[in-house]
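Worksheet: one structure, shown below.
The values are calculated or read from the model by the stated rules, or taken from the named source; none is laboratory data. Since the structure is predicted, the reported quantities are computational estimates derived from the model, not experimental observations. Neighbour counts run over all protein chains shown; Cβ positions are idealised from the backbone, glycine included. Calculation scope for accessible area: heavy atoms of the full protein, side chains included, ligands and nucleic acids excluded. Shrake-Rupley method; radii C 1.70, N 1.55, O 1.52, S 1.80 Å.
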Amino acid sequence: MNMKKMLSRALLFSVVLCFVLMPMGTTYAYRGLKVALAQPSDKNADDGSGFVSKDETVYVILDHDGKVLEQRVVNRIYGKGEIKEIRDYGQYSSVRNMETSAEPKVQDGQIVWDGQLLKKGDIYYEGITDKELPIEVSIRYFLDGREVDAQSLVGKSGNLRIEIGIKNKLKVTQPITYESYEKGSISKEYEHYVPFLVQVSYPVDLNIFSDVKADEAVKVVTGRTMNLSFATFPYPDAKVTFEMRGSNIELKPLTFTVIPQVPPVPDVDMEDELKKMLDGVREIRDGLKQFGAATQPLASGGKQMAEGKQALERGISALVAGSDELDESSDELIAGFDVSVQGFNELKDGVTKLAEGLNEVAAGMNRLAGSAGEVSSAVNSLAQAASQLQDAANGWAQNMAPGLLQLVNINEEMLTIAQKLVQEQPEGSDLYKLGQMVIKQNRLIESMGGPESIINSGAQLLGAINGVKEAVDKLKEGLDSQFIPGIQAINDSIASLASGAKATLDGMEEYQKGQTAYRQGLVKYVEGVGDVADGLDALSGNLTRMFTGMDSLVKVLEKMDEGLSAMDSQGLSEMEEGIIQAIDDMRFAKALKQRMEELADGYRSFMDNERNKNSSVQFIMRTREIAYEEEAKEAQDVQDIQPKMNLWERLLDLLGL
């Protein structure tokens, strides 16, 4: 059952509890009998000068199984004032005045009495009828769990269970009309009955029975008799059950007293509370709709982030891989740089020695000009210096040139990286400053002509050294024939070479300072790359956790949206409909209760409920006693020797009244 039906049915259940449970045989302990008397009216008197009322008591003799054997109606007519004629209604097979010899006129279902009889007292008359009763009784007997005939119980012993079924036969087919909360006036077909209170009484002889089990009965013990009293409202059915253990069983009569009466249903008015609840549910529904609308952009943004997740992860992975590769090659890069610096220092030493040699050559040439004898010695010294210079130049060609070429390539790569850092990194950051330093260093190198200029100068120097060596050799070969003209050329070449060596040394000094700063920056750059790689690894892990959380958040938001939709459509919507249905059910229950009261108040006469307006009615039904035949015969003999009683007295004696 959904929430709407549960709510509405629960509220309806609380209002018409008695009506719902009665068909299932629920019995209520009876704690009092109230007979509704008719209000005074003059409709039974034909002269309008007084009023007449009637009490109608239907006495019924039942067989042991509840079958009707005999039924008589005793009518008490009373009133006051001047009444000429009293007119009562009902189909009787015979009518008899129970107090006087006065006879009524009986014709076409009318019993007409002389109104003057009331001046002597109330009129009591008896009518015999076989009209169908509004209540049907069935009785079953079980001895030790087996169903038996009542008459066969006499003298038996064992556990006796008596089951009494009571059925209401006054079904009403009129619809119940009430005002619906949203649909206006509604007439609803609903099976209902004229309500009757049925009191069931049984006197338990404690000399015969013990261990009495009757949980729904009121028990009153008087001497050796326990009187059991049950009260039930058959709607349309009810059941009364009790058990007891008997020895030499005999059964007293079961007595049923029936009057039209509404069950004691409490007045429950929750409509105002239900309306407040309905307003609250509607406000909740509006709030949930607003909340759901607010979560949709958040879920959409989460989905977009999830879609960009893979591209971001790929970019970070590539950056991390590049940083790792750079970090792995950083040691080799620094080592190569150190080798190049070492080669540069050797080149610088060679150039220094070259300058010193040139100075010596210049001095020798000066001395050569003064003394031919010294020329031979100078030539030898020059040959030695040329050999040393040639060795140094060759060493430079073998060691320094490759390092400088590698340095040129490294410098170009670092310049590209530095330019990218300056473009992409925030101004003032460490990486930005490093890029600026590399660019400044490159400009300094370019102002010196660049590494290529050094290489070209070295190549020129090597060529010059080779020329010197060749000149010395030629000088030795042609000292006499070529010495004098060659001195001037050598002096010029030496002067030019000394000037170039000095300029080279100055440039190399500046270049060395730049390389030192460059190396320090390179070391910091490599360390920074390592830190960046570690940071990227951490960032990658944090992003993974973040996107995992974002995925979970999106799923939660989607489920929340589904839950809110389900809550609104299946929960709150049904609750709203259920509250409205509950209000309708409560109004229906009020209308039903009012109908029950009208039916109970309107059932005034068993014999003619349409025409006997100023009347009240009750039914007293009783089963026969089950006893030993000898005792029954003895009782009959005693009755035969007693004074003869009239019909009224015998009827009262039969009913134990």
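Key figures for this structure:
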{"read-out": "Solvent-accessible area of Lys559 with every protein chain in place, 1.4 Å probe, in Å² to the nearest 10", "value": "150 Å²"}
{"read-out": "Modelled FRET efficiency - R0 56 Å, Ser317 with Lys289, Cβ distances, 0.05 increments", "value": "0.80"}
{"read-out": "Label point distance in nm, Gln342-Ser429, each placed 7 Å from Cα along Cα→Cβ", "value": "3.6 nm"}
{"read-out": "Protein accessible area in the range 132-182, 1.4 Å probe - carbon and sulfur %", "value": "42 percent"}
{"read-out": "Accessible surface of Thr232 - all protein chains present, 1.4 Å probe, nearest 10 Å²", "value": "0 Å²"}
{"read-out": "Förster-model FRET efficiency, 51 Å R0, Glu625 and Glu271, C-beta, rounded to 0.05", "value": "0.45"}
{"read-out": "Distance (nanometres) between label positions extended 7 Å along Cα→Cβ at Glu356 and Glu562", "value": "8.9 nm"}
{"read-out": "Spin-label pair Glu191/Lys440, simplified geometry with 7 Å Cα→Cβ offset, distance in nm", "value": "10.5 nm"}
{"read-out": "Full-extension gain in nm, Asp531 to Glu82, via 0.36 nm per residue minus C-alpha separation", "value": "149.2 nm"}
{"read-out": "Additional length obtainable on full extension of the chain from Arg245 to Asp601, 0.36 nm per residue less Cα span", "value": "124.0 nm"}
{"read-out": "Heavy atoms of Phe196: accessible area, 1.4 Å probe, square angstrom to 10", "value": "0 Å²"}
{"read-out": "Euclidean distance between Cα centres, the range 191-268 to the range 587-609, Å", "value": "25 Å"}
{"read-out": "FRET efficiency estimate (nearest 0.05) - Cβ-Cβ, Lys167 to Lys105, R0 45 angstrom", "value": "0.75"}
